[in-house]
Every structure is written in C-alpha cells, then in structure tokens.
Amino acid sequence: MPIDSTEHKPTLLDSLLEPFGECLTLEVAEKLVKLRANPEIVTKVEELAEKCNEGQLTADERDEYESYIHVNNVMMMLKARARKFLQANRSGSA
C-alpha cells in the first residue's frame with residue numbers, strides 16, 4: 001500500500017503537461033531532473049523574496065517575483081514527471 005493514499009485531482013496544468021510526458025527519453029528526463037537556475041536568478045529571487053516578506057516590493061517587482069514563482073511551479077511539475085518517468089523506466093534495466 002502506498003504511503004500517500006490521497007488521490008491527486010488533475011488540474012488544467014496537469015492536462016496541459018500530459019503530452020510532455022509522452023516525449024521524454026531517459027536522457028532528457030535525467031537532464032531535466034538535474035536542471036538548476038543560474039546563480040544570478042537565484043540571487044534575484046532571494047532578494048525579491050526578502051523584499052516581499054518585508055512588504056517592500058514595488059508593483060513591477062511583485063509582477064517579476066510572481067512570474068518567477070509561476071515558472072518554478074511549472075518546473076517542479078516537469079521535474080516530478082521526469083522523476084516518475086525515470087523511476088518507471090529504470091526499474092527493469094538495472
């Protein structure tokens with residue numbers, strides 16, 4: 001029995017990303033899982049996060065910060081699909 005027995009209710013984004021999973025190869029999935037933001041972006045997001053926590057974001061900074069958050073959420077979903085693909089396709093090849 002799985003540890004997490006809660007059912008995942010598919011979202012619109014899940015549906016939009018479904019074809020992505022059909023295009024994965026082992027090589028692409030491995031690269032995607034290892035993908036990281038460059039240090040300049042990480043630093044910028046950290047600065048915006050700190051300003052947000054302090055209530056000091058301008059409207060433009062808030063828009064920028066929210067866009068980073070949205071992109072991060074999509075990347076997390078893509079990486080989760082890639083990890084799931086790797087798990088399913090490595091189990092019989094090891």
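What the table shows:
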{"read-out": "Residue count, the range 42-63 (criterion: exposed (fewer than 13 other Cβ atoms within 10 Å of the Cβ) and among the hydrophobic types (A, V, I, L, M, F, W, C))", "value": "2"}
{"read-out": "Flag for Ala88 being of a type in the set (A, V, I, L, M, F, W, C), modelled with pLDDT of 95 or more and exposed (fewer than 13 other Cβ atoms within 10 Å of the Cβ)", "value": "no"}
{"read-out": "Whichever residue in the range 54-94 is small (Gly, Ala, Ser) and in a helix (DSSP H, G or I) and, among such residues, is farthest from the chain's Cα centre (by Cα)", "value": "Ala59"}
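The values are calculated or read from the model by the stated rules, or taken from the named source; none is laboratory data. Everything numeric here is computed off the predicted structure, so don't read it as measured data. A quick note on method: Cβ atoms are made from the backbone with ideal geometry, for glycine too, and the neighbour counts reach across all protein chains shown.
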